[in-house]
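Participant: So that we are looking at the same thing, I have put the structure below in structure tokens.
The values are calculated or read from the model by the stated rules, or taken from the named source; none is laboratory data. These numbers were taken from a predicted model, which means no experiment stands behind them. Methodologically, a virtual Cβ is constructed for each residue, glycine included, from the backbone with ideal geometry; neighbour enumeration extends over all protein chains shown.
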Amino acid sequence: MRNKPGMKERLISLFIRLLLVGLMFCIPVQTLAQGTATYEAERKRALQLYDENKFADAIPLLEKLVSINSSDTVLLERLGWATLVVSASMQNAELRKQARNRARELLNRAKELGDNSELLRMGMEALNQPDSAEIPFSSVKNADAAMREGEEAHSRGELDKAIAAYQRALQFDPKLYLAALFVGDMYYKKAHQASDPAVQKSMVTMAGEWFARAIEIDKNIETAYRYWGDALMLISERDGAKEKFIDAIVADPYSRNPYVGLRQWGAKYSVNLAHPKVPNPLEAGQTVDSNDPKTAGARQTPAYYWSLYAPSRQKYKVERFQRDHPTERGYRNSLQEETAGLQAVASAVASDLQAGKLEKISPDLESLVQLYKAGLIEAYVLFARADRDIARDYSAYREANRDKLRRYWNEFVISN
């Protein structure tokens with residue numbers, strides 16, 4: 001039996017349908033009665049409702065304002081997001097589809113007008129995914145029902161009710177990552193709304209406890225780390241936020257979202273973020289053949305050292321790949337092979353430096369030697385040079401070397 005929409009869903013659906021009909025027949029919007037002062041007051045109120053997470057209440061006012069000024073990217077973006085959030089709590093599939101289509105229309109309009117914010121990008125990504133409301137939060141019926149109750153309360157800005165519902169869901173299903181994550185997110189939102197610094201800090205502490213619970217459930221999902229970093233940034237916990245943002249990248253380095261937090265952190269604190277500059281070894285060493293006697297005079301030059309890269313990779317491919325990857329049906333590029341090539345170059349340079357054969361090296365070789373001495377060439381490869389094949393080696397390396405992956409970001413990417 002199909003679920004029937006509730007009264008609020010019906011009102012939202014009616015509003016959307018009337019708006020679409022108006023657009024279809026090109027009914028002009030009457031704006032003359034709207035004084036500037038009234039418009040600005042209503043705009044402020046709409047954004048306040050959005051900031052208070054009262055998305056369902058904000059939608060009618062935002063729709064009214066957008067009908068008056070369809071070029072305000074802030075209003076378009078907020079209305080798109082509010083409509084998307086509210087759609088998740090709708091039980092009727094047709095109403096959800098209408099709301100999601102409206103959200104997509106609004107965000108596309110904002111994008112056309114030049115909006116390129118992370119909020120807009122993440123909204124578009126969410127809309128490009130299957131309708132989450134059609135996917136159960138949990139196979140445990142009571143847990144799923146509690147999660148949906150929490151989502152509906154969240155859309156109304158009733159954060160305490162949402163917290164209680166998500167906590168109840170976690171009781172029914174103790175391994176439900178999103179339940180713990182969403183409780184933490186509600187406390188973060190309460191912190192964002194608080195004007196008293198002491199209350200704000202208390203709410204962030206509570207949020208952190210629940211984000212930690214989510215991480216205990218699955219430490220390789222990036223979201224709880226990133227949300228935790230956002231919460232710590234809110235109370236200017238600079239170092240703590242940085243570590244959480246790094247943890248988010250370590251958890252999931254091959255998707256875009258984990259990097260958002262650290263980029264925002266860097267912008268806030270004027271910290272440059274950049275991987276070490278190491279050139280393409282094949283191009284850097286292509287002028288020297290290390291086995292050619294005619295090039296003996298070229299030893300201790302950057303090109304000579306880089307010429308050691310390709311033979312070392314080939315040796316690994318022939319002698320060790322199958323041993324290290326016994327389940328692979330055929331050859332592929334690997335972390336171990338790329339590391340073998342770079343380590344051959346770095347170790348030769350480091351050895352000649354120690355022996356006094358070199359007084360000065362090029363900046364690219366210096367960066368590589370520093371990585372080599374720190375034991376972080378693998379981390380550099382995984383974060384800065386990984387192709388699709390190399391990325392397949394990431395999970396196993398992370399399991400045994402999470403601290404090295406963190407160190408790489410702190411010691412080589414983040415420069416104060």
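Participant: Yes or no: residue 353 part of a helix (DSSP H, G or I) and in contact (Cβ under 8 Å) with a residue 60 or more places away in the chain? Steps first, answer last, please.
Facilitator: Working: part of a helix (DSSP H, G or I): yes; in contact (Cβ under 8 Å) with a residue 60 or more places away in the chain: no.
Answer is no for this residue.
Participant: Out of curiosity, is residue 103 in contact with a Gly (Cβ under 7 Å, 6 or more places away or on another chain) and either under 21 Å from residue 53 (Cβ atoms) or at pLDDT 90 or above (or both)? It would help to see each step written out before you state the result.
Facilitator: Numbers: in contact with a Gly (Cβ under 7 Å, 6 or more places away or on another chain): yes; either under 21 Å from residue 53 (Cβ atoms) or at pLDDT 90 or above (or both): yes.
Here the answer is yes, as residue 103 does meet what is asked.
Participant: If I filter the range 107-124 for residues that are buried (at least 19 other Cβ atoms within 10 Å of the Cβ) and within 26 Å of residue 169 (Cβ to Cβ), do I get at least one hit?
Facilitator: Just the residues of the range 107-124 that are buried (at least 19 other Cβ atoms within 10 Å of the Cβ), to begin with: 107, 110-111, 120, 123.
Restricting the remaining residues to those that are within 26 Å of residue 169 (Cβ to Cβ) gives 123.
Yes - at least one qualifying residue is present in the range 107-124.
Participant: Is there any pair linking a residue in the range 295-317 that is under 15 Å from residue 344 (Cβ atoms) to one that is at pLDDT below 90 and surrounded by 21 or more Cβ atoms within 10 Å (Cβ to Cβ), with Cβ under 6 Å and at least six apart or on different chains, and which?
Facilitator: As it stands, the answer is 303/285; 306/281; 306/285; 307/285; 309/281; 309/285, since those pairs meet every condition given.
Participant: Would you kindly identify the helices (runs of 4 or more DSSP H) lying entirely within the range 119-205 that contain at least 2 residues that are assigned by TED's automatic domain parsing to the domain that holds residue 241 and without any contact (Cβ under 8 Å) to a residue 24 or more places away in the chain?
Facilitator: On the way: elements: 141-155, 159-172, 177-193.
Result: 141-155, 159-172.
Participant: Further, regarding this structure: Every residue in the range 151-190 that is under 16 Å from residue 207 (Cα atoms), surrounded by 21 or more Cβ atoms within 10 Å (Cβ to Cβ) and among the small types (Gly, Ala, Ser), please.
Facilitator: 162, 165, 179, 180, 184, listed by residue number.
Participant: Condition (residue is touching a His at 6+ places or on another chain (Cβ under 9 Å) and β-branched (Val, Ile, Thr)) applied to the range 118-138: is it met by at least one residue?
Facilitator: So far as the range 118-138 goes, no, none of its residues is touching a His at 6+ places or on another chain (Cβ under 9 Å) and β-branched (Val, Ile, Thr).
Participant: Hey, another quick one. Quick test of your reading of the structure: residue 363 fulfils all but one of (1) closer than 27 Å to residue 267 by Cα; (2) in contact with a helix residue (DSSP H, G or I) (Cβ under 9 Å, 6 or more places away or on another chain). Name the failing condition by number.
Facilitator: Residue 363 satisfies all of (1) closer than 27 Å to residue 267 by Cα; (2) in contact with a helix residue (DSSP H, G or I) (Cβ under 9 Å, 6 or more places away or on another chain) except (2).
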